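The values are calculated or read from the model by the stated rules, or taken from the named source; none is laboratory data. Because the structure is a prediction, the values reported are computed rather than measured. Using ideal geometry, Cβ is built from the backbone for each residue, glycine included, and neighbour counts are taken over all protein chains shown. Only protein heavy atoms, including side chains, enter the accessible area calculation; ligands, DNA and RNA are left aside. Shrake-Rupley method; radii C 1.70, N 1.55, O 1.52, S 1.80 Å.
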Amino acid sequence: MFPLLDTLVAVYEIGQFTLAADELKVSQSTVSSRIAQLERMVGAPLFVRNAKSDVTPTEAGRLLYRAATGIDGTWRDACEQIARMRESREPLSVAFSHTTAAVLLPVALPVMAKALSGFDCSIRVLNSDAILEQAGMKAVQLGVVEKPIVNDSVDRVTLREDRLVLAGDPHGVWMVREHGSGVRYYTDLYFKTVGSMPSRMIEVANNAAIGAALAAGFGCSLVSAAAVPAGVPTRELGDEFVRRFYALVPRSGLTPGQRELAGRVIAALRG
């Protein structure tokens, strides 16, 4: 309907089909076809064709022109209101550590999706130490980490337990996460517990890449039991390697809406 009404307005204001076609960047036959379609819809002629290609609107044409410009104004007002509404939406940036992204992100997403009318949500995946730093600087409104870290600028909330296992061939190449990662913290603890370091070790700064390598039958790594690829053998490590996931929330700098939504996400993650 909008192309038809736009064509009517152009012909009415310009007074010629040819010039209206140039204005709309369509062919003259398209303009004629659209006006004819409108005339069939309203059951009355909209323009009187004069000499020299000029047209004069009929009474029906004048009535429809006033209606069309009213509709256009209403449409533009609605679009502007929607734009202002979108501009007023609050940001909510959430950072997940690599393991919590694999295990907990599917739980958080539905909660965040329900709030999209009022929030612009974004998700980042970083290691736990980087998330603590970002939360302390208020660069993220919520962090989800996999080791018990905290500083004076954030509050920490315990979410749930996570059991680490040794996945893959323990005699193969060890794949370890980078320093600052929650899994690396427990991997170093494991090496201290067994009293030795592996002779062959590769640092891989991505859980998904480690999971893909394990699934392909390469090497071994400490991983969350919830994130072990199907068919990969595992070995239990004991209670010392049952850790907890945590939420980090800046103590200040959040709007009431951001804090309320962060609280709803945390409640879902706690189960």
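Residue check: is LEU5 in contact (Cβ under 8 Å) with a residue 60 or more places away in the chain, open to solvent by less than 30 Å² (accessible area, probe 1.4 Å), under 17 Å from ARG62 (Cβ atoms) and under 45 Å from the mean Cα position of the chain (by Cα)?
yes
Got a number for residues in segment 72-101 being modelled with pLDDT of 75 or more, surrounded by 14 or more Cβ atoms within 10 Å (Cβ to Cβ) and over 16 Å from the mean Cα position of the chain (by Cα)?
Total satisfying the criteria: 4.
Within segment 194-208, how many residues turn out to be within 30 Å of the chain's Cα centre (by Cα), among the hydrophobic types (A, V, I, L, M, F, W, C) and at pLDDT below 95?
Of the residues in segment 194-208, 2 are within 30 Å of the chain's Cα centre (by Cα), among the hydrophobic types (A, V, I, L, M, F, W, C) and at pLDDT below 95.
Does at least one position in segment 199-206 carry a residue that is under 28 Å from PHE119 (Cβ atoms), open to solvent by less than 40 Å² (accessible area, probe 1.4 Å) and touching a strand residue (DSSP E or B) at 6+ places or on another chain (Cβ under 7 Å)?
Scanning segment 199-206, I find no residue that is under 28 Å from PHE119 (Cβ atoms), open to solvent by less than 40 Å² (accessible area, probe 1.4 Å) and touching a strand residue (DSSP E or B) at 6+ places or on another chain (Cβ under 7 Å), so the answer is no.
List every residue pair whose Cβ atoms lie under 6 Å apart, where the two residues are 6 or more positions apart in sequence or sit on different chains, the first residue falls within segment 221-233 and is farther than 14 Å from TYR190 by Cα, and the second residue, located anywhere, is open to solvent by 40 Å² or more (accessible area, probe 1.4 Å) and not small (Gly, Ala, Ser).
ALA225/ARG163; VAL228/THR234
Output the residues belonging to segment 238-269 that are touching a strand residue (DSSP E or B) at 6+ places or on another chain (Cβ under 7 Å) and either open to solvent by 30 Å² or more (accessible area, probe 1.4 Å) or at positive phi (or both).
VAL242, ARG244, ARG251, THR255
How about segment 1-112: which helices (runs of 4 or more DSSP H) wholly inside it have at least 2 residues that are closer than 30 Å to GLY271 by Cα and not hydroxyl-bearing (Ser, Thr, Tyr)?
Answer list for segment 1-112: 98-103.
Among the residues of segment 166-179, is any out of contact with any Lys or Arg (no Cβ under 6 Å at 6 or more places or on another chain), in a helix (DSSP H, G or I) and modelled with pLDDT under 95?
Checking segment 166-179: not a single residue is out of contact with any Lys or Arg (no Cβ under 6 Å at 6 or more places or on another chain), in a helix (DSSP H, G or I) and modelled with pLDDT under 95.
Within segment 57-84, track down each residue that is among the β-branched types (Val, Ile, Thr) and touching a residue at least 12 places away in the same chain (Cβ under 8 Å).
Those that are among the β-branched types (Val, Ile, Thr) and touching a residue at least 12 places away in the same chain (Cβ under 8 Å): THR58, THR69, ILE71.
Within the bounds of segment 110-131, is there any residue that is open to solvent by less than 60 Å² (accessible area, probe 1.4 Å), over 24 Å from the mean Cα position of the chain (by Cα) and not polar (S, T, N, Q)?
Checked segment 110-131: no residue is open to solvent by less than 60 Å² (accessible area, probe 1.4 Å), over 24 Å from the mean Cα position of the chain (by Cα) and not polar (S, T, N, Q).
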